[in-house]
Structure formats: C-alpha cells, structure tokens
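Visitor: Quick one: the structure is below, questions incoming.
The values are calculated or read from the model by the stated rules, or taken from the named source; none is laboratory data. Quick caveat: nothing in here was measured; it's all calculated off a predicted structure. All Cβ positions, even for glycine, are placed from backbone atoms using ideal geometry, and neighbour counts span all protein chains on display.
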Amino acid sequence: MNIFFLTLLIFVLIYLVLNWFIKTSSAKISKSIRTFVIISSVILAVVMAYAGRFIFSLPFLMMILPLVKTKAGFTLLQVLRFWSLLRILKNSGRFNFNQAGSNFNTQNISRDEAYKILNLEPGKKYSKEEILKSYKKIMKKIHPDVSPELSRLASIVNEAKEIVIKDIA
C-alpha cells in the first residue's frame, strides 16, 4: 500500500478517535477503556495460549535469561556461547534433550568436536593453561553443583578437555 494512503488512514483514525473522545462523557470513556482493556486481555490470553509452545521453548528461555537477575549472573554473550555449545552437542548426537533417562551416545568425541566444545580453534596451538582456562570458564556455568540436570553435559566437557590436552601433548 502506498505510504501516503497509509499515513492518511492513520490520521483519519486518530481524528475520529479524538473527535469521539471530545464529544463523549467521561463515564462513557472510562467504560470504553475498561471494555477495551478486558477485550485486549482476552485476545492476549488466547494468543499466549496458542503461542505458548514457542514462548516456553529453550531458545526463548535462553534469550530472556539475561533479563532475569539470576544467581549465576549470566550475560547475553555467555548465554549465546552456552546455546552454541548445546547446539553442537545436539547436532553431534551426544546429548539427548528429549529423553532424560535414556541411553546416551557413548562414542568418543572427535578432536575437532572437542575443540569446538571448549570454544577453541582446532588449527591453533594452545598451552595447557589456555585449555584449562577455557574449560574452567565453561564449567563455572554447567557444573553439576550449579544445576544437577547438567551432569551429562559436564561429563562431555570433561571428556573434551581430556582429548584436547592429549592432543597438545
């Protein structure tokens, strides 16, 4: 639609609302506002019920987590790194998100996967201290003492650390 007609339509609607507002009594205005709030709340509730499966998904939770004051004090960058770690593990088939007690894939982690898990570049040479620093940075967020549900994830990061340390030796 042409921007001119859209602007004209908006101004006409604003004019009609203001004109109605001037000519109407305050009791009628408050009743109309109350009715509008109730109707919009019902519509919002229906939209939230429909969209709830998306709103309460893991990506949405990770996106809003920095907005909530948490004990761990996650920043947005840390949440994005954690989300990429989970995505790497999910894509490799080593971490099962849907079945908590099922059999996990027990294959060994490849060298490249181990570097990715620790947020390191596979082609670059690292010292043992740099590897341990990266490992500790990740483990501060996913240690089983912080959250018992992440024990499997912590064991995968431990395994990745061991592989990378063996690789540099």
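Visitor: Could you identify the single residue in Leu77, Leu61, Leu65 that is exposed (fewer than 10 other Cβ atoms within 10 Å of the Cβ) and modelled with pLDDT under 70? If you could, list the steps in order and put the result at the bottom.
Guide: Values: Leu61 fails: exposed (fewer than 10 other Cβ atoms within 10 Å of the Cβ); Leu65 fails: exposed (fewer than 10 other Cβ atoms within 10 Å of the Cβ).
Going through Leu77, Leu61, Leu65 in turn, just one is exposed (fewer than 10 other Cβ atoms within 10 Å of the Cβ) and modelled with pLDDT under 70: Leu77.
Visitor: Answer yes or no as to whether Lys128 is among the charged types (D, E, K, R) and farther than 20 Å from Leu89 by Cα. Spell out how you get there, then give the answer.
Guide: Numbers: among the charged types (D, E, K, R): yes; farther than 20 Å from Leu89 by Cα: yes.
So Lys128 fits the description; yes.
Visitor: Anything in the stretch 120-169 that is closer than 22 Å to Trp83 by Cα and among the small types (Gly, Ala, Ser)? List them, or say none.
Guide: Ser134, Ser147, Ser151, Ala154, Ser155, Ala160
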